[in-house]
1. Sort 93-103, 255-265 by the packing proxy (mean of other Cβ within 10 Å over each peptide's residues), most packed first.
2. Let's test the formula: R0 of 22 Å, r as the Cβ-Cβ distance of Lys146 and Ser225. What FRET efficiency results, to the nearest 0.05?
3. Count neighbours as other Cβ atoms within 10 Å of each site's Cβ, and list the trypsin sites (Lys or Arg not before Pro) in segment 226-319 that are DSSP loop with at most 13 such neighbours.
4. At a Förster radius of 35 Å, what calculated FRET efficiency corresponds to the Cβ-Cβ distance of Leu90 and Leu315, to the nearest 0.05?
5. Step through the table entries Lys91/Lys197; Lys95/Lys312; Lys146/Lys191; Lys146/Lys304; Lys146/Lys312; Lys69/Lys276, compare each Cα-Cα distance with 32 Å, and write down the pairs that go over it.
Amino acid sequence: MFLVLDLLLRAASPLRLDGQVFLSRLWRVSRFVPILDNSYHPIYEALIGMADERAPPVYEGAVYMRQGKTYLVNSLDLSNKIALCKVADLKYYTKSRDCTDIEVVGGKIDSSNLDIKLNVLSSRAYPAGVYNNQCSRTTARVNPCKVTTSWFGFHRLWRRSNEIFDTVDLVLPKYSYMSQAVWVPVPQSTKSAVEMKNMDFRAGLHAASHALLNVVPLRIICNSSDLAPECANPHDTRYFPERILLYDQHPGGIGVSVQVQPFFMELLTSALELLKSCHCPGDIGCPHCIQSFACKEYNEVLHKDAAIMIIKGVLDAES
Ligand SMILES: [Zn+2]
Ligand SMILES: [Zn+2]
């Protein structure tokens, strides 16, 4: 977790503590900490938010929006995980440049551990009863995976036009965690067929994973943040695996991918129906079918018609 602090320095004061003593105190309290200056006017550094380190919206130069206010992040103390920012009236916003790699590491999910997790899960929020993959007949696989996010900079964009006017490089430590993924390989013949039609195969895979994610609630009761799709980065030219993949967003995995696995083909069929029945443009799609709020790449690199071909190809290979 990163703490995001709003520097409201009302006056110079001997009690304006420089950093560690005050900040570490604030870290422990995690609430507003009022401090009085020697003329008894309140000055304080206010806690304005907590940012998850899995997707930090904070880095030096970032524009951070919260409750209608715009803040500019002045500094980021990685060792103490504290970001200092101040209110700013800006005509631009920032967008991080990052990519997330999913490495399926193979092996089987430890089912004893998973049973415990699922019991905890069902006792808290989700009804039990859908976890039964013992008799599933599908080529969809569920494996442990390593999720690694790398940040390598950010863009500044005008608020009015969304036009990028500045690109900044920065180095932040990578963030990795182990989780669980459910996935199916896409046949090479399908890849060739998509490319023969001059459609972007990578965009089709990306769109297919979004469509699959959008229909998961038809069979599995889970929170929208429990699962994530494998998203294609628009600036990444590296090899992109030929598969449709969803993974548990929570470190360690909470068993949602395992629950999806027996229904994978059924969900793909539903996703195909969704795509074919949606009358939006055949490339960029719409929020009803291939666009997703869970997308880490802002719904770039999507192609609905390619996704339809890919899902059909997987279902044909399965039957
Ligand atoms: Zn649509
Ligand atoms: Zn995406």
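Each reported figure results from applying straightforward, stated rules to the coordinates on display, with no laboratory input. Since this is a predicted model, take the numbers as computed values, not measurements. Cβ sites come from the backbone with ideal geometry, for glycine too, and all protein chains shown count toward neighbours.
1. On the way: 93-103: 17.5, 255-265: 24.3.
Ranking the peptides 93-103, 255-265 by packing returns 255-265, 93-103.
2. Values: r = 19 Å, r/R0 = 0.89.
So the FRET efficiency works out to roughly 0.65.
3. Values: sites: Arg238, Arg243, Lys276, Lys296, Lys304, Lys312; in loops: Arg238, Lys296.
Counting only loop positions with at most 13 other Cβ atoms within 10 Å, the trypsin sites (Lys or Arg not before Pro) in segment 226-319 are Arg238.
4. Values: r = 48 Å, r/R0 = 1.38.
The calculated FRET efficiency here is 0.15.
5. Details: Lys91/Lys197 42 Å; Lys95/Lys312 35 Å; Lys146/Lys191 25 Å; Lys146/Lys304 28 Å; Lys146/Lys312 28 Å; Lys69/Lys276 41 Å.
In this structure, Lys91/Lys197; Lys95/Lys312; Lys69/Lys276 exceed 32 Å between Cα atoms.
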